[in-house]
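Input: a single structure, listed below in structure tokens.
The values are calculated or read from the model by the stated rules, or taken from the named source; none is laboratory data. Here the structure is a predicted model, which is why all the values come from computation and not from measurement. Reconstructed Cβ throughout: ideal geometry from the backbone, glycine too, with neighbour counts over all protein chains shown. For accessibility, only protein heavy atoms count, side chains too; no ligands or nucleic acids. Shrake-Rupley method; radii C 1.70, N 1.55, O 1.52, S 1.80 Å.
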Amino acid sequence: TSLSNAEEIVDGICDALIRIDARNASYYKKNAEKYERKLENLDDRFENTVENSKRNTIVFADYFPFSYLADDYDLRYFSAFPGCSSESEPSAQSIANIISVVKEKNIPFIFYTETSNQKVADMICEETGAQKLLFHSCHTVTKKQFEGGISYLDLMEENLNALKKALN
């Protein structure tokens with residue numbers, strides 16, 4: 001979910017394609033540059049959103065594969081699971097800590113990821129009055145999304161809208 005890392009990935013893909021098919025190098029470079037401009041534009045919008053928001057803290061009732069994104073925009077975060085934990089349930093202490101943070105900081109929205117069963121989010125929302133919002137990890141899409149042509153940029157655009165809501 002790091003847009004700056006996505007730019008590096010685009011560069012790597014472009015370089016690999018050029019090594020395989022040097023005759024079409026200008027085509028690959030042109031398309032990479034076009035895509036990178038879209039990434040940069042979205043990155044600017046994320047930065048603007050965070051800089052002009054009421055708060056800079058986000059809470060996830062899920063695992064947290066977003067540390068690069070949080071670091072990119074100086075977001076403070078709390079999560080029910082450490083990192084991309086493979087644990088199936090957070091500890092009672094972890095949930096209690098999240099509930100405490102949400103109440104103390106008056107956090108209006110709790111994030112969950114697309115693969116979540118949302119039980120932890122529901123529990124935290126019930127205890128705090130917060131609402132839940134989807135934040136895409138960009139790891140998984142449904143068959144319907146895939147067939148509809150959803151892209152990384154589309155998912156990140158949805159994340160930006162969710163972030164705007166949560167931070168204000």
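The table that follows gives values for the structure above.
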| quantity | calculated |
| --- | --- |
| Residue-normalised accessible area of region 63-168, given per residue in Å² at a 1.4 Å probe | 55 |
| Value at 222 nm in deg cm²/dmol, rounded to 500, when DSSP H runs of n ≥ 4 in the chain each add -39,500 (n - 2.57) | -18000 deg cm²/dmol |
| ³J(HN,Hα), Karplus 6.51/-1.76/1.60, whole Hz, each residue of region 112-129, x for Gly, Pro | 9, 9, 5, 9, 6, 7, 6, 5, 5, 4, 4, 4, 5, 5, 4, 6, 10, x |
| Globularity ratio of the chain, using Cα Rg and 2.2 N^0.38 Å | 1.17 |
| Contour minus Cα-Cα distance for residue 24 and residue 144 (0.36 nm per residue) | 39.9 nm |
| Long-range HN-HN contacts of residue 60 with modeled amide H, under 5 Å | 78, 79, 80, 111 |
| Within the chain, longest stretch clear of exposed trypsin sites (Lys or Arg not before Pro) (DSSP loop, no more than 13 other Cβ within 10 Å) | 106-168 |
| Region 1-92: proportion of alpha-carbon pairs further apart than 18 angstrom, % | 59 |
| Whole-angstrom gap from region 1-59 to region 92-110, using each part's C-alpha centre | 33 |
| Region 31-168 - percent of accessible surface contributed by carbon and sulfur, probe 1.4 Å | 45 |
| Extended-chain gain in nm, criterion 0.36 nm per residue less alpha-carbon gap, residue 118 and residue 161 | 13.5 nm |
